[in-house]
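These notes concern the structure reproduced below.
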Amino acid sequence: TGFLVAPGLILTNNHVIGSQDEASSFVAGFDFELDIDDAQRSPVFRFALDPENLFATSDAETALDFTFVSTKPTSLRDSEPITSFGWLPM
């Protein structure tokens, strides 16, 4: 689980993504929703993470347990801009 906290910036936990190497193999999915029959509704927009642009994480041994990582600017399949999704200001 993660949240957009600025356009193209995800906040998640260090125990979810603990390193840049891990982040480079992750994608973030948006608009994932199940209908009343538990079937996946379409579309789901997937964005590759971009840890080379921005990656910051807490030490795994601290109580903070956070990771910030940026996304690529457009979705993998549909070229949907990340800016079309809302974000939660900190």
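Structure notes:
- Every helix of 4 or more DSSP H residues in the chain counts as -39500 (n - 2.57), and over all residues that averages to -500 deg cm²/dmol at 222 nm.
- For the chain, the per residue solvent-accessible surface stands at 66 Å², with DNA, RNA and ligands left out and a 1.4 Å probe.
- The accessible surface of the chain, taken with every protein chain in place and a 1.4 Å probe, is 52 percent carbon and sulfur.
- Summing Lys and Arg as +1 and Asp and Glu as -1 over all other residues whose Cβ lies under 15 Å from the Cβ of Phe26 gives a net charge of -2.
- The residues neighbouring Phe45, those whose beta-carbon lies less than 11 Å from its own, together hold a net charge of -1 under the Lys/Arg +1, Asp/Glu -1 convention.
- For the chain, the relative contact order is 36 percent, taking Cα pairs closer than 8 Å that sit 6 or more residues apart in sequence and dividing their mean separation by the residue count.
- Amide N proximity, the range 51-90 versus Ser42 label position 7 Å along Cα-to-Cβ, cut-off under 20 Å: 75-81
- For Phe55, net neighbour charge (Lys/Arg +1, Asp/Glu -1) across residues whose Cβ lies under 11 Å away: -4
- Here the chain was treated as a single set of alpha-carbon atoms; its pair distances binned every 5 Å from 0 give 3, 15, 24, 22, 18, 11, 6, 2, 0 percent.
- Estimated distance in nm for a label pair at Ala63 and Phe3, the labels positioned 7 Å out from Cα along Cα-to-Cβ: 2.0
The values are calculated or read from the model by the stated rules, or taken from the named source; none is laboratory data. No experiment lies behind these values; they were computed from the predicted model shown. Positions of Cβ are backbone-derived with ideal geometry, glycine not excepted, and every protein chain shown enters the neighbour counts. Heavy atoms of the whole protein, side chains included, go into the accessibility calculation; ligands, DNA and RNA do not. Shrake-Rupley method; radii C 1.70, N 1.55, O 1.52, S 1.80 Å.
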